[in-house]
1. Need the failing condition index for Pro20 against (1) open to solvent by less than 10 Å² (accessible area, probe 1.4 Å); (2) at pLDDT below 90, just the number.
2. In the stretch 124-157, how many residues are of a type in the set (Gly, Ala, Ser) and open to solvent by 30 Å² or more (accessible area, probe 1.4 Å)?
3. Kindly indicate whether Val121 is of a type in the set (Val, Ile, Thr), open to solvent by 20 Å² or more (accessible area, probe 1.4 Å) and either modelled with pLDDT of 95 or more or under 20 Å from the mean Cα position of the chain (by Cα) (or both).
4. Mind counting the residues in the stretch 504-560 that are modelled with pLDDT under 80 and either of a type in the set (Asp, Glu) or at positive phi (or both)?
5. Given the conditions (1) part of a helix (DSSP H, G or I); (2) open to solvent by less than 20 Å² (accessible area, probe 1.4 Å); (3) among the hydrophobic types (A, V, I, L, M, F, W, C); (4) under 16 Å from Val391 (Cα atoms), and given that Phe485 satisfies all but one, which numbered condition is not satisfied?
6. Scan the stretch 199-234 residue by residue and report those that are open to solvent by less than 40 Å² (accessible area, probe 1.4 Å), within 24 Å of the chain's Cα centre (by Cα) and not aliphatic (A, V, I, L, M).
7. If we keep just the residues of the stretch 235-271 that are assigned to a loop (DSSP other than H, G, I, E, B) and out of contact with any Asp or Glu (no Cβ under 6 Å at 6 or more places or on another chain), which is surrounded by the fewest Cβ atoms within 10 Å (Cβ to Cβ)?
Amino acid sequence: MSTTAEANTTATENGQSVHPQRKWQDYFGFSTDHKVIGIQYLVTAFFFYFIGGALAEVMRTELSTPDPDFVQPEFYNQLLTMHGTIMLFLWIIPAGAGFANYLIPLMIGAEDMAFPRLNAVAFWMIPPAGILLMSSFYNGAPQAGWTSYPPLSLVSGKSGEEIWILSLLLLGASSIFGAINFLTTILLMRMPEMDIHSMPLFCWSMLATSGLILLGTPVLAAALILLSFDLIAGTAFFNPSGGGDPIVYQHMFWFYSHPAVYIMILPFFGVISEVLPVHARKPIFGYRAIAYSSLAISFLGLIVWAHHMFSSGTPGWLRMFFMATTMIIAVPTGIKVFSWCATLWGGKLDLNSALLFGVGFLSSFLIGGLSGVMVASVPFDIHVHDTYFIVAHFHYVLFGGSVFGLFAAVYHWFPKMTGRMVNETWGRLHFAMTFIGFNITFLPMHQLGLQGMNRRIALYDPQFQTLNMVCTIGSYILALSTFPFIINVVWSLLKGKKASRNPWRALTLEWQTSSPPIIENFEEEPVLWAGPYEYGIDEESIDGDEDLDEMLAAVSSEGQ
């Protein structure tokens, strides 16, 4: 691994500024440039996405028949555990951090993150953690699911379980370092003219996300360290055979892991708030409502964890409290959904790949949110606990709330990151296959759950086979949908039309610089000449000054 010297010297040639260019080798070294680190995060996250997705396809193939005839149940449990862990901790969370790294300094007019070296360290903790986790396949991967509840986690695949713990501790430390950087950069390094109510909503969402990470992750780390003691040293913090209490582990685990859902989706709430106004050519509806609802979700996310434990002997009065707080969290979430729909309403919609994934996000997440209100209710939750209804709900929230937002972000900022436009035909095909495959895979699981099919099992009652076959076919379509995406990325990088600095005529600051941005981010001090979402507002020019549309047109044509 090499260390990249940050060469910021700008030369002059024939009266024109010549900026140093990034070399491809920089992306494999210890660079402190937030843009390089952002790309490193994203490429690493997608590498693990392909691995986690492949594991899911093996599981769905096994579940196409009632008997365990493709993989053995023990190996199925390992696949289940690794799929969940990889998708959550090595794909979605790092992908959110990747976009935050790339975009936050550009959006607020800063040259870099507050702590560039800490930023690089945070990224370089992820590849070793991922490799460590994958290495567990060679000596018995963990089998206790991504929740690793004791006592199951204490008696199955001990070496793999310990590797799982070490890997998560590394990833948790990386996450905390990143959150410190995001929080400090947003609060202290905004350009002087940008007050907190002028900054893009993506920054608000990262403020809320960072707060959750800093408050929740240490609790999970403590739980994992105590679980590790039980595994290695024979203590009995959570081991009931030695007098320990496994319910305490569940409280500590869910204190982090329910907010972790918001850690995964809040960054993409921010993405959607950026994508929809640009491609609908309308101001965002309810800027402050969306901004403060992010903080409300963050706060409420910390006091709902025990709704995952309604069937674990939780006292009735406690069930009532957590049922109420869980339902209340639908209010700030509903405010966001309403604001996004109102932003689209009456807009001049450009149905390109970014907006299609944005709309796909809205519809999918809405289903996940509504089923979330259903499982917040104690009687209903007890009925469907540990069934495929929960699998369906979980994927509509996380795939709908994160993955559709993630792809919307890729298509929206691809021109800025690479200097090339994407191929819209491949992008629309990617969306269509993803949306169709996703719904065929996960929608029937609601019915499977209501009929009583348990999750986390490799064999099941033959009466569920038809619906499971439908789910498996959907998962194959979902897997095939990655090919248009890969082809699009490679084709666009090699043959795509060159992007101007502002191909979407957007108003946030990252579009004021070149595509891709120069090493110093901006050639000159960025100018805050409009709010981030002031699209389609009637204006008058004064004394012949350029109005907003003329300035956007001028900036959009540069670099073509």
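1. For Pro20, the failing item is (1).
2. 1
3. Numbers: of a type in the set (Val, Ile, Thr): yes; open to solvent by 20 Å² or more (accessible area, probe 1.4 Å): yes; either modelled with pLDDT of 95 or more or under 20 Å from the mean Cα position of the chain (by Cα) (or both): yes.
Criteria met by Val121.
4. Going through the stretch 504-560 one residue at a time, the tally reaches 13.
5. Going through (1) part of a helix (DSSP H, G or I); (2) open to solvent by less than 20 Å² (accessible area, probe 1.4 Å); (3) among the hydrophobic types (A, V, I, L, M, F, W, C); (4) under 16 Å from Val391 (Cα atoms) one by one, Phe485 breaks only (4).
6. Selection gives Pro200, Phe202, Cys203, Trp204, Ser205, Thr209, Ser210, Gly211, Gly216, Thr217.
7. Within the stretch 235-271, the subset assigned to a loop (DSSP other than H, G, I, E, B) is 235-239, 243-245.
Retained after the next criterion (residues that are out of contact with any Asp or Glu (no Cβ under 6 Å at 6 or more places or on another chain)): 235-236, 243-245.
Details: Thr235: 15, Ala236: 16, Gly243: 8, Gly244: 19, Asp245: 14.
Only one residue fits best here, namely Gly243.
Per-residue answers, yes or no, for (1) within 20 Å of the chain's Cα centre (by Cα); (2) part of a helix (DSSP H, G or I):
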| position | (1), (2) |
| --- | --- |
| Ser273 | yes, yes |
| Pro277 | no, yes |
| Ala291 | yes, yes |
| Ile303 | no, no |
| Ser311 | no, no |
| Ala324 | no, yes |
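The values are calculated or read from the model by the stated rules, or taken from the named source; none is laboratory data. This is a predicted model, so every value here is computed, not measured. All Cβ positions, glycine included, derive from the backbone under ideal geometry; neighbour counts span all protein chains shown. Heavy atoms of the whole protein, side chains included, go into the accessibility calculation; ligands, DNA and RNA do not. Shrake-Rupley method; radii C 1.70, N 1.55, O 1.52, S 1.80 Å.
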